[in-house]
Amino acid sequence: MTAPDRFQWRRDKDGLGVWEHRGKVAVAGFGHSPVDRRWDEVSMDKTLGAYSILACQKAMDEAGVTADQVDGVICCDSHIAGGSGGTASQWAAQAVGDGVCSTCLVIYPTGNLAGRYRRGGENADDYARGARQWVAPWGNHGGNDFINSFPHGQYCRKYGGKHDDLAPFVVNQHRNGLMTPWGYNASHNLPQLTIEEYLNSRYILNPLRLYDCDRPVNASTAYLFTTAERARDMKQPPVYVLNHSQHSFWKRSTQEDLDEIEDWTDRAAKRMYEGAGLGPSDVDVFNPYDGYSIMTQFFLEGFQWHGVKRGDAFAFYAGDIRVEGPHPLCSSGGNLGTGRLRTAMYTDSIEQLRGTAGARQVKVRAETALAAFTTPSSGGWIMFGKSPN
């Protein structure tokens, strides 16, 4: 398969209109493995392979299907099909809609081995060699792509506010995570994070603090996508796919700025709403990505969830964003509250629409949900509906 062929399934252009398979594809099951901080490099029943098998079996059991009924499998790989946990689920939805397969398992493993995260290989070199002298002169970038003057600092200067204004959002993510039994925080009985603990936590890269970053974990998640017709005969109420879209925006330089990120998130929102035939006021459950806390404000404002406009995010965080309240932002707890599963946003959206989210169940209407594992520059979104219409 050539590179252009791999990307033909993507809805990554402006003006594509309503998705041709809107409401014709559904999620019928999901499964989560246990979540460990790291693989202990000894227990073979705790490897990503073993955990992925377990997650797949749980997803099939929940849907009420057997392995011989599955005719498609997509395993996340960052080197294929624009891959990530998010785009893998979108690829599955498109594949089922196009008739490439009828019942597709999506597997998203996320590993964490001993040692410092992302500090091996060329990132451990004392020198920035070759092209890295221009694009990564300080080694692996990580969170500094989103802080200081590019563009989080620009945001604070343009709209007012300070980094500490993120505290209510981060603390609420941890609160939601403790109500998410399949996540790391809840399954390891972590204490509730407080405002004071957040504000006094050590800097990773000023002003990014420890709790602004998600916790790398070792786990796997699986989802079962199928046709709407088949899903109606399975064990769980179908959760329909109303649209999906992707983006891979080019930077003007090695570092994006605030203007670019606001343009990108505006365009991502327009693609999603147009493809689903919906608007901001139609989205009940909003689960954007929060791998770094400073990303979420751009998604919140770009998609204008609950009327939030540019520059409004910090004031919105200071309001009632609890799951019991009128603005239950990120009811999953996201990565900050569940660990770097990168799938909490999807599972929570499914549970909210089924009405099975337990203590996290929102009190507002829950008939549509928008979820993503994405950065402002690249990734994708998916819109779920309780009804296919």
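A few points about this structure:
- Filtering region 263-303 to residues that are in a loop (DSSP other than H, G, I, E, B) and under 16 Å from Ser349 (Cβ atoms) leaves Leu278, Val283, Asp284, Pro288, Tyr289, Asp290.
- Checked against (1) within 21 Å of Ala167 (Cα to Cα); (2) in contact with a Leu (Cβ under 6 Å, 6 or more places away or on another chain), Leu193 meets all criteria but (2).
- Region 225-256, subset over 25 Å from Ala366 (Cβ atoms) and open to solvent by less than 30 Å² (accessible area, probe 1.4 Å), residue farthest from the chain's Cα centre (by Cα): Glu256
- Some residue of region 355-363 being among the hydrophobic types (A, V, I, L, M, F, W, C) and under 24 Å from Cys76 (Cα atoms): no
- Residue satisfying all of: in region 198-215; open to solvent by 20 Å² or more (accessible area, probe 1.4 Å) and in contact (Cβ under 8 Å) with a residue 60 or more places away in the chain; farthest from Gly111 (Cα to Cα) among these: Pro207
- The set of residues in region 101-118 that are at pLDDT 85 or above, in a loop (DSSP other than H, G, I, E, B), more than 15 Å from Arg230 (Cα to Cα) and open to solvent by 10 Å² or more (accessible area, probe 1.4 Å) comprises Gly111, Leu113.
- Looking only at residues of region 61-71 that are touching a residue at least 40 places away in the same chain (Cβ under 8 Å) and farther than 18 Å from Glu351 by Cβ, we find that the one that is least open to solvent (accessible area, probe 1.4 Å) is Val65.
- Residue list for region 209-239, filter: hydroxyl-bearing (Ser, Thr, Tyr) and either assigned to a strand (DSSP E or B) or in contact with a strand residue (DSSP E or B) (Cβ under 7 Å, 6 or more places away or on another chain) (or both): Ser220, Thr221, Tyr223, Thr226, Thr227
- Scoring Gln8 on the criteria (1) polar (S, T, N, Q); (2) in a loop (DSSP other than H, G, I, E, B); (3) crowded, with 21+ Cβ neighbours inside 10 Å leaves a single failure, condition (3).
- Residues that are in contact (Cβ under 8 Å) with a residue 60 or more places away in the chain and open to solvent by 30 Å² or more (accessible area, probe 1.4 Å) within region 260-303 comprise Arg267, Lys270, Glu274, Gly277, Leu278, Asp282, Tyr292, listed in sequence order.
- Considering the conditions (1) open to solvent by less than 10 Å² (accessible area, probe 1.4 Å); (2) within 30 Å of Glu41 (Cβ to Cβ), Asn176 is excluded by exactly one of them, (2).
The values are calculated or read from the model by the stated rules, or taken from the named source; none is laboratory data. This is a predicted model, so every value here is computed, not measured. In this analysis, Cβ positions are derived from the backbone assuming ideal geometry, glycine residues included, and neighbour counts consider all displayed protein chains. What goes into the accessible areas is simple: the full protein's heavy atoms, side chains included, and nothing from ligands, DNA or RNA. Shrake-Rupley method; radii C 1.70, N 1.55, O 1.52, S 1.80 Å.
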